[in-house]
Each structure stands twice: as C-alpha cells, then as structure tokens.
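See below for the structure under consideration.
The values are calculated or read from the model by the stated rules, or taken from the named source; none is laboratory data. Given the structure is predicted, the values throughout are model-derived calculations rather than measurements. Glycine gets a Cβ as well: all are built from the backbone with ideal geometry, and neighbour counts include every protein chain shown.
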Amino acid sequence: MPRTIRDSIRINDWRRRMARGLMRLMFGAPAQLSNEPLPKTGIYRIVICHISHTLGNALLLTPLIQELEATWPGAEIDIVTRSQVGQELYGRYSSVNRVFQLPSHGVGHPRLWLRGIRGMRKTHYDLAIDPDPQSQTGRLLLLMAKATYKLGFTGRKKSGNVTHAAAIPENVPSKAQRPVFLLRSALGNPVTSTSYPVPDIRLDAAESAQGRQTLARVLAASPAASPRRKTIGVFANATGPKLLGQDWWTPLLNVLEASCPDYQLVEIVPMFGRSMMGSRYPAYYSSDLRRLGGVLAALDAYISLDCGIMHLACASQAPTLGIFTTTNAAEWGPYGPGNHAVHAYDMPSDAVGQKIAALIESDAEHATPVG
C-alpha cells in the first residue's frame, strides 16, 4: 500500500478516535439495547441524520427511506445531510418533505452549518434516526434533534444516549441494508429476512423515456456504433487505489466484445469530461445526476469498478455489475435482481471480462420476456 494512502488511513483513524473520545466526554457511554420496541402507530414526523457526503453513501440511504414509507405510510420525512445533491437524490420520494443540506466541510462554513441545524430544530419529531454505525457527527446531530424517540446503533464507536438502539450486525455487512436492519430491530420485527429494499432514486416515466431517447441518439450519431440490439455501459473511473488504467480495461473489454456479440459498448464519461478509453466507443456525458440516471436506466447492463456512479446505476434500476478489486464487496456491492458484486481480487482483467460475460449471458437467458 502506498505511503500516502497509509498516512491518510492513520489520519482518519486518529480523527475518529478523537471524535469518539470527545463524544464520550460530552454525552457518556454508548447506548444500551432497547427493551421496548418502537410503536407502529403515532409516528408522523421523522428526521434522518445522515452526515456522509459521498455520492455512494448518499444513495445507500434510500433503502431506509423506502422502509420508513412502508412502515409509516402517512409520515413525513426530513433529511439532514452533507450531500450536495441530496435534493436530487431524495426529492422524488413523496414522503420526503425537507432536505437540510449542510456544507461538506462545516469547519469552513459555520454559518451554513448552524442554519441547517436551526432548521432541523424548529420541528419536534416523533422519531430521529442516526443510521450510521460509525459517524460521531451523525450521533451529535441526533442528540441535538428534538424528538420523542431516538434510534441509532450502539457499540464502542458510538456514544450518547438514545431511546432505541441496536448492535451492529456482523451478518449484515451491507452499508445499504444496515439502516433497514436497525429500524426492523427497533420495531421488534424479524431481522433474519434476506429481502431488503434496493437503492432507488425514483426516476419517473418522463426521465426514463428521455434517457432512452438520448441513448438512441448517442448510438445513432457515433461512427463507432454498430446495429446491435443491446447495450453495455462502461464507466472506467474510480478514486484512490480503486482506479485502474486503460491497460487494465482493454483486455476486459476485448473479451466482452468477443463474448457478447449482440451488445454495443457505450462509455459513460466521468464528471471531469474526458474519455477514459481513448474515445474507442460511443460515449455519453452529463453533469446532471438525474439525466445521467435516465441514460443508465436505458442500458441492458452497466459495468464499473466500485464507485459512486456504480451506486447511481443500481439506484436507476440498471442491471449493475460492480467490479471489486480492493474494497469490500459485501459492504459496498450492489444487490437485488440483475445486480452483481463481481469479486475480482487478484484476477487478471481478461478473466474478469470472462466472468462478467458469463453473468450477462446467464441473466439474459433467465430474463422474463416482456409482454
């Protein structure tokens, strides 16, 4: 592991230890497991205190929103978030009322931070939720909220008393599923079920239709396009040690072209607006996440390394194959029908391509015919 990455990990660990120490000093020991379940009636105003600002983490909150809607269909949900695209991701949920957008870095923007806190504190909620098993800032926001019931994980990494708590489940490693597990545990519901809501940004019919039309125009206008019936979207960017170069991607894509002759490859261009594959394929770019989601939804399959756009593809209901070479697939991998976390640790890229081609062909064989 490069020294810069090791140093970054040490700094982040040090910051977390300091935050835990301060929280324990201010608010006491971690919460204890609850004896009484949350009521299944009388919950109308809910606030979620979700502090992570990355695209992937923000998208992985949507299964909890779906679970809350199913549990209390007449309730209203506010969300406190540092995601700068929170409104775009959560705004199509009919239950979501307000998204209090905090700055990504509160130290540099204290007024914006305080404005969001004041907005949250104007309402007395029936239920406040801190869905993150580790974040001390999320727990601090939860403690600042005015709420009858307060729900969060317990453990050595969390401090501050709540009315309802659940231990971090070792058998549910998924970042998207753990908040749902937390709620089900607090309600006293069976938590052995393997059925969890899949991330979803709730694209409407118009957004999906526009995505199909845009993808068709991209294919028709490209000299590299071919008259193939289906499309595979490829996003070749990632951050930090997850990023792999064109020399890694080329053998993988060569295998896909040979093994999936009915499919046309389409590149999804990163936010900085430059092809990662030498403009070898028809390409699509958008800085608008919902427009991008519409095009992703029009794909027959989507492929990338573990990244925020992978989670966006899954939340846009595109059949998503996320390739995992360094990060934990059980924690971050896509799940649900047609989605796969492709374990590619220490595998050559051409072998990864063969694995993906087999999954795509298998899914196509078992797909339910339309009409």
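For segment 155-179, the set of residues classified as surrounded by 23 or more Cβ atoms within 10 Å (Cβ to Cβ) and of a type in the set (Val, Ile, Thr) consists of Val162 only. Do we have Ser52 as modelled with pLDDT under 95, hydroxyl-bearing (Ser, Thr, Tyr) and either under 17 Å from the mean Cα position of the chain (by Cα) or in a helix (DSSP H, G or I) (or both) here? For Ser52, the condition - modelled with pLDDT under 95, hydroxyl-bearing (Ser, Thr, Tyr) and either under 17 Å from the mean Cα position of the chain (by Cα) or in a helix (DSSP H, G or I) (or both) - is met.
Check Leu102 against each of (1) at pLDDT 95 or above; (2) within 30 Å of Pro270 (Cβ to Cβ) and name the one condition it does not meet. Failed condition: (1).
Restricting attention to segment 127-152 and to residues that are more than 14 Å from Ile43 (Cβ to Cβ) and without any contact (Cβ under 8 Å) to a residue 40 or more places away in the chain, the residue that is surrounded by the fewest Cβ atoms within 10 Å (Cβ to Cβ) turns out to be Lys146.
For every residue, the table says whether it meets (1) closer than 30 Å to Ala167 by Cβ; (2) at pLDDT below 95; (3) loosely packed, with under 13 Cβ neighbours inside 10 Å.
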{"position": "Val191", "(1), (2), (3)": "yes, yes, no"}
{"position": "Thr194", "(1), (2), (3)": "yes, yes, yes"}
{"position": "Pro199", "(1), (2), (3)": "yes, no, no"}
{"position": "Asp204", "(1), (2), (3)": "no, no, yes"}
{"position": "Ala224", "(1), (2), (3)": "no, yes, no"}
{"position": "Pro227", "(1), (2), (3)": "no, yes, yes"}
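Output the residue which, of all residues in segment 227-275 that are of a type in the set (S, T, N, Q) and assigned to a loop (DSSP other than H, G, I, E, B), is nearest to Trp332 (Cα to Cα). Even if it seems obvious, please write down each step before you answer.
Quick first cut of segment 227-275, residues of a type in the set (S, T, N, Q) only: 231, 237, 239, 246, 250, 254, 259, 264, 275.
Adding the requirement that they be assigned to a loop (DSSP other than H, G, I, E, B) leaves 237, 239, 275.
Numbers: Asn237: 17, Thr239: 14, Ser275: 25 Å.
The extreme case among them is Thr239.
Is there any pair with a first residue in segment 114-126 that is within 9 Å of Ala147 (Cβ to Cβ) and a second that is at pLDDT 90 or above and part of a strand (DSSP E or B) whose Cβ atoms are under 6 Å apart and which are 6 or more apart or on different chains, and what are they? Correct list of pairs: His124/Lys146; Tyr125/Arg45; Tyr125/Val47; Tyr125/Ala147; Asp126/Arg45; Asp126/Thr148. The number of residues in segment 57-91 being crowded, with 21+ Cβ neighbours inside 10 Å, more than 16 Å from Arg202 (Cα to Cα) and in contact (Cβ under 8 Å) with a residue 60 or more places away in the chain comes to 2.
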